[in-house]
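Before any comments, here is the structure.
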Amino acid sequence: MRSISLVLLMALPAVAHAQALPKGATPLSAAEINAMFAGKTYSFQEKGQDGKMKPIAWYLGEGGKMLGYTGNGPSYAEGTWSASDGKLCVSNHWEGSWGTSQSNDCQAWAHDKGKSQTVYRAETSKGGNYAKFSPKLSDGDTISQKIDALKAKLKK
């Protein structure tokens, strides 16, 4: 009995962090996430430390290369991205006039079983729940020029 209680206690933290899928939704497969994002710039907003929404763009290149840019700060990131069933994850190093930081972030992705064009996203690493979401995607790398300009500015 004691070992069963220990196993249950060890499982609790994982359950507490799991996000409930919306009714009728299923996680996107790793192949679906790759098809959606690979070779594209993904623009979105997330809450900054001040509680206000901040625009961010990630270029998710072929082979796992990731670049990030935000005009707030401003700052840029270089790192990697990966897809697994239900998750898009990035690991990167951000740099701006404020200094540097390391970031590891995952977003959970799902779609409606009956309407595959209905997509849901949850920023699980920030405690967010699933919500309907239409990713803003642009073909190719639309942020490298901004990053190059910021790098030049930071060197001055």
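Of the listed pairs Lys65/Lys146; Lys47/Lys146; Lys54/Lys151; Lys65/Lys136; Lys65/Lys115; Lys65/Lys126, which have alpha-carbon separations greater than 25 Å here?
Details: Lys65/Lys146 17 Å; Lys47/Lys146 22 Å; Lys54/Lys151 20 Å; Lys65/Lys136 19 Å; Lys65/Lys115 31 Å; Lys65/Lys126 23 Å.
Where the Cα-Cα span goes over 25 Å, the pairs concerned are Lys65/Lys115.
Restricting to Cα pairs below 8 Å that are 6+ residues apart, what does the relative contact order work out to for segment 14-156? Please round to a whole percent.
Details: 300 pairs, mean separation 35.6, N = 143.
Relative contact order of segment 14-156: 25 percent.
Counting only residues 5 or more places away or on other chains, whose amide H sits under 5 Å from the amide H of Asp85 once H atoms are built in the peptide plane?
Under 5 Å from the amide H of Asp85 lie the amide H atoms of Ala30, each far enough along the sequence or on another chain.
Please compute the net charge surrounding Ala25, taking Lys and Arg as +1 and Asp and Glu as -1 over other residues with Cβ under 12 Å from its Cβ. Write down the numbers at each step before the final one.
Numbers: positive: Lys23, Lys113, Lys115, Arg121, Lys132; negative: Asp112.
Result for the neighbourhood of Ala25: +4.
For the pair Asn104 and Ala35, how long in nm is the line joining their label points, each one 7 Å along Cα→Cβ?
Distance between the two pseudo-spin positions: 3.0 nm.
At what distance in angstrom do the alpha carbon centres of segment 96-156 and segment 46-73 lie from each other?
5
Report, in deg cm²/dmol and to the nearest 500, the calculated mean residue ellipticity at 222 nm for the chain, where each DSSP H run with n ≥ 4 adds -39500 (n - 2.57) and the sum is divided by the residue count.
Values: 3 runs with 36 residues, N = 156.
When only DSSP H runs of four or more count, the value is -7000 deg cm²/dmol.
If you average 1/r over every pair of different alpha-carbon atoms in the chain and take one over that average, what Kirkwood value in Å do you get?
Working: mean 1/r = 0.0587 Å⁻¹.
Over the chain, the inverse of the mean reciprocal pair distance is 17.0 Å.
For His93 and Lys113 in the same chain, what is the full-extension length gain: residue separation times 0.36 nm, less their Cα-Cα distance, in nm?
Details: separation 20, 0.36 × 20 = 7.20 nm, distance 3.59 nm.
Between His93 and Lys113, full extension yields an extra 3.6 nm.
Amide H of Lys136 versus every other amide H placed in the peptide plane: which residues, excluding those fewer than 5 positions away on the same chain, fall under 5 Å?
Ser43
In nm, what is the difference between 0.36 nm times the number of residues separating Ser125 and Ser144 and their Cα-Cα distance?
Numbers: separation 19, 0.36 × 19 = 6.84 nm, distance 2.62 nm.
Additional length available on full extension: 4.2 nm.
Be a star and scan segment 22-46 for residues whose amide nitrogen sits under 16 Å from the point 7 Å along the Cα-to-Cβ vector of Ser82.
30-31, 33-34
Let's see if you can work this out: charge +1 on each Lys and Arg Cβ, -1 on each Asp and Glu Cβ, no other charges. What is the dipole magnitude of segment 22-155 about its Cα centre, in debye to the nearest 20?
Details: 17 positive and 13 negative charges, 78 e Å.
Charge dipole, segment 22-155, about its Cα centre: 380 debye, nearest 20.
Values quoted throughout were computed directly from the atomic coordinates according to the rules given, and no laboratory measurement underlies them. Computed from a predicted structure; not experimentally measured. Counting neighbours? That spans all protein chains shown, and the Cβs are built from the backbone with ideal geometry, glycine included.
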